[in-house]
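The values are calculated or read from the model by the stated rules, or taken from the named source; none is laboratory data. These numbers come from a predicted model, not from an experiment. Cβ atoms come from the backbone with ideal geometry, glycine included; neighbour counts cover every protein chain shown.
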Amino acid sequence: MTNTTVSDFEGPKRSWYKRNEIAVTPYLFLIPGVFFFAVYVIFPVFQSFNISLYKWDGLGEAEYVGLTNYQKLLDDRAFEVSLWNNLKWLVLYLLAIPAGLMISLFLNQKVVGIRLYKSLFFFPFVISQIVVGLVFSWFYDPTFGIFTKVIGWVGLEIKGGVLGNPTAVTYGIIAAGLWPQTAYCMILYLTGLNAVDPEQVEAARLDGAKGWKMLWYVIIPQLKPATFIAFVVTIVGALRSFDLISIMTRGGPFGQSRVLSYYMFEKALSEYGFRMGYGAAIAVVLFLIMLVFIAYFLWSMYQEEKGAR
Amino acid sequence: MFPNPIEKQSRGVQISYQALLPVVLIAWLLPLLAVMLFSIKPESDFVSGNYWGLPDTLEGFKNYGKVFFESDMPKYLWNSVRITVPTVIGCMILSSMTGFALGVYKFRANLWIFFMFVAGNFVPFQILMVPVRDLTVDLDMYNTVRGLVLFHVAFQTGFCTLFMRNFIRALPFELIEAARVEGIAEWRIFWYVVLPLMKPALAALAVLIFTFIWNDYFWAIVLTQGSETQPVTAGITSFNAQFRAAYHLMSAGSIVAALPPVAMFFLMQKHFIAGLTLGAVK
């Protein structure tokens, strides 16, 4: 950074750019990326806030209605159901973290072919959620689904099948979502376990630690960075759930499997009409929920950055 | 190493572990194995209710043939390629530049711009939906591959910048300082010093973005419609509406749609996992 002052003495002939090269270059490199990101991501967030104050069908004149859309949300039963379902998604999706940890502990061995096993366990994450949704809707099928058969053996029956039952449906879809998400958490923990300090493990072993105690007091603290990332991606994944619902149930039966992301889409862009303002209001609520987590993520990163420099 | 290495334990434990592995794997992949079985069964099996038994007649890849030659599937696959490849290239170009700027230089707005990218990367898609759709319509790019690619490039730049910046931060800074002492122009430092070192990061990003975009469904249905522009994820859903009960074709179609990212994963496994687990180890 001292170069600029040195080069000032080299004579007045050097161009302005040459003299300020180190100060100017980062901005030049940032222009295209920041421009695209601002136009397609940052501004739209604010535009959505604005649209949520209007009544608008997406084509004609927009009519300013203030907070009316939000007031309507309060009395909207479908909105309430979606919000509750989002909460279920958030809480239950977190099960992917301990489940992923368990599988990674199971697979963290060195036997012949273990690499292939690890890749195959990771498989569900690589395929698209649309395919996962299809696969699981057959898995749950009331006439031939394997799931239906298996719970039949123990004498259970879910009326209308998992996806046709208003109470079971959301849990069924979450379970489908947990499949790839657990695979993701597993791979994070496998990487984390690889980096666990063997000397600490040996030292703890000499002190007589083993099993659960070892896991809880020695291993899990060392896996903290992996856990943080698993938490971030799982929360984001839970609030982004859309594909699975769209392919498995289209929000049904009786709208009982809707979440905010799906309900918003339904209101703003589907056969139910183009209620852009109302849809935007739903999106704003979803965004505010996410914002709590985004703030937490950024805060954690900021703490780390401060430590790094 | 934790848990205790299996080779230090008794022979019995070792054998039961080896035996348990395939059993657990099959249970884990059961839904997927079912689809594979479906995809090689003849239609008559589904009519007669023989869902899980051995196929009545050996069909081989007949269902796959039908998917390929008697449906719009190849069109959708080609659209996916036309959407995914330019997006990957665009993201790599933009984010190697932003990552370089944020990873190498100290300036006041640095952390703020970086956090803008990170925060934007986490927003729910729905808050962008209405404005982005309007913008695309206004630019006369609704229902074009171009419109979809532009959005994907812009949005993925958030994640890619996070990735690139952290990668560049971990490079030895002395290299850049040495180049500066030599009086090399900054853009040349980018091109000749930093970019060659970023190859592994670029490879990791390429496979990750390929998979993300190939599997995208939401933006495909918001910004495009019909078999002329929609990618394979949207194609599968319209198939589903059309042949809901044609399990033999649906399952073959799903497998075909899932294959490219799976192949990508197996070919570039190391990079793929390195990309996904970035930051999982300090």
query = Out of B:Leu102, B:Leu135, which single residue is at the interface with another protein chain (Cβ under 10 Å from one of its Cβ atoms) and touching a residue at least 24 places away in the same chain (Cβ under 8 Å)?
reply = B:Leu102
task = Taking only region A:57-111 into account, find how many residues are in contact (Cβ under 8 Å) with a residue 40 or more places away in the chain and hydroxyl-bearing (Ser, Thr, Tyr).
result = 4
Odd one out for B:Leu32, checked against (1) aliphatic (A, V, I, L, M); (2) touching a Gly at 6+ places or on another chain (Cβ under 9 Å); (3) more than 29 Å from A:Gln222 (Cα to Cα); (4) within 11 Å of another protein chain (Cβ to nearest Cβ) = (2)
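Residues checked against (1) within 23 Å of the chain's Cα centre (by Cα); (2) surrounded by fewer than 18 Cβ atoms within 10 Å (Cβ to Cβ); (3) part of a helix (DSSP H, G or I):
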| position | (1), (2), (3) |
| --- | --- |
| B:Leu33 | yes, yes, yes |
| B:Met36 | yes, yes, yes |
| B:Trp52 | no, yes, no |
| B:Thr57 | no, yes, no |
| B:Gly65 | no, yes, yes |
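Conditions (1) within 30 Å of B:Val47 (Cβ to Cβ); (2) in contact (Cβ under 8 Å) with a residue 40 or more places away in the chain, marked per residue:
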| position | (1), (2) |
| --- | --- |
| B:Pro231 | no, yes |
| B:Thr237 | yes, no |
| B:Ala241 | yes, no |
| B:Ile273 | no, no |
ask   = Inside region A:220-309, counting only helices (runs of 4 or more DSSP H) that do not spill past its ends, which hold 3 or more residues that are in the same structural domain as A:Ile127 (by TED's automatic domain parsing) and within 30 Å of A:Gly60 (Cβ to Cβ)?
value = A:260-268, A:276-308
request  = Run down B:Phe167, B:Phe212, B:Phe218 and say which single residue is among the aromatic types (Phe, Trp, Tyr), within 14 Å of B:Ser96 (Cα to Cα) and modelled with pLDDT of 90 or more.
outcome  = B:Phe167
ask   = (1) more than 10 Å from every other protein chain (Cβ to nearest Cβ); (2) buried (at least 22 other Cβ atoms within 10 Å of the Cβ); (3) of a type outside the set (D, E, K, R); (4) under 19 Å from the mean Cα position of the chain (by Cα): which one isn't true of A:Thr249, the others all being true?
value = (4)
ask   = Within region A:223-244, is there a residue that is polar (S, T, N, Q) and without any contact (Cβ under 8 Å) to a residue 40 or more places away in the chain?
value = no
query = Which one of these is more than 10 Å from chain B (Cβ to nearest Cβ) and surrounded by 15 or more Cβ atoms within 10 Å (Cβ to Cβ): A:Ala168, A:Ala226?
reply = A:Ala168
ask   = Looking at region B:188-214, which of its residues are touching a Ser or Thr at 6+ places or on another chain (Cβ under 7 Å) and surrounded by fewer than 17 Cβ atoms within 10 Å (Cβ to Cβ)?
value = B:Leu195
key: B:Ala252 being outside the structural domain of B:Ser44 (by TED's automatic domain parsing), of a type outside the set (Lys, Arg) and assigned to a helix (DSSP H, G or I)   = yes
Any hit, region A:139-159, residues being touching a residue at least 60 places away in the same chain (Cβ under 8 Å) and either within 13 Å of chain B (Cβ to nearest Cβ) or of a type in the set (Lys, Arg) (or both) = no
remark   = Those residues of region A:185-217 that are part of a helix (DSSP H, G or I), within 13 Å of another protein chain (Cβ to nearest Cβ) and surrounded by fewer than 21 Cβ atoms within 10 Å (Cβ to Cβ) come to a total of 16
query = Scanning for something within 23 Å of B:His271 (Cα to Cα) and in contact with a His (Cβ under 7 Å, 6 or more places away or on another chain), does region B:85-102 turn up at least one residue?
reply = yes
remark   = Checked B:Gly60, B:Gly90, B:Gly65 against criteria (within 14 Å of another protein chain (Cβ to nearest Cβ), of a type in the set (Gly, Ala, Ser) and out of contact with any Pro (no Cβ under 8 Å at 6 or more places or on another chain)); the one match is B:Gly90
remark   = Here the residues within region B:142-157 that are in contact with a Gly (Cβ under 9 Å, 6 or more places away or on another chain) and either charged (D, E, K, R) or at pLDDT below 95 (or both) are B:Asn143
key: Residues located in region B:265-275, provided they are at the interface with another protein chain (Cβ under 8 Å from one of its Cβ atoms) and either surrounded by fewer than 21 Cβ atoms within 10 Å (Cβ to Cβ) or of a type in the set (Asp, Glu) (or both)   = B:Phe266, B:Gln269
